[in-house]
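Undergrad: Here it is: the structure, laid out below.
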Amino acid sequence: MGHANAARILSPHLGLSEGKPNATFAFHNVLGFAVELYLKAFLSGRGWTVEQLADQKYAHKLDALLTASVQAGLFDYAGLPNVRPSALERVVQIIGPRFADYSYRYIDDDNNRYDYVESGEYLWPILDDLHVRIENSGVRVSLSA
């Protein structure tokens, strides 16, 4: 939840075209961590051990974590009524590859050969939906947990 809140704080400061690449990379980095940790919290609630969650095939690999979460029933739990599971899948498609290879962490844009999340307008309901689904699964997600 802390990383999701950090992404919200950084959101107004985005803009590669306005010469703000550091904020844009920081935003995508904390966004990736938010998704990663939400999914790991869900899997932990389904009985995954720390060792399983730390396995290299899941370390910073949002696509693998999302696949495992879906197989563990993530979308069987109620979320927000107007958010489709495909929205989270799309965010993972956009940021997953460069989050996994640390491009956002080390401010390496590979000559801008990949996509960025363009707007928080759609992103915040997606993160809120993920949060709700995880809490509906019985996992408490909070800053004081």
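Undergrad: Amide H neighbours of residue 55 under 5 Å, at least 5 residues apart or on other chains, H built in the peptide plane: list them.
TA: none
Undergrad: Under the classification rounded if a/c is under 1.5, otherwise prolate if a/b is larger than b/c and oblate if not, where does the range 46-97 fall, given a ≥ b ≥ c as square roots of the Cα gyration tensor eigenvalues?
TA: Details: a/c = 3.30, a/b = 1.36, b/c = 2.43.
In terms of gyration-tensor shape, oblate.
Undergrad: Right, next: What is the gain in length, in nm to one decimal, between residue 59 and residue 132 on full extension, counting 0.36 nm per residue of separation less the C-alpha to C-alpha distance?
TA: 23.9 nm
Coordinate-derived values only; no laboratory data. As the structure is a computational prediction, the values presented were derived from the model and not from experiment.
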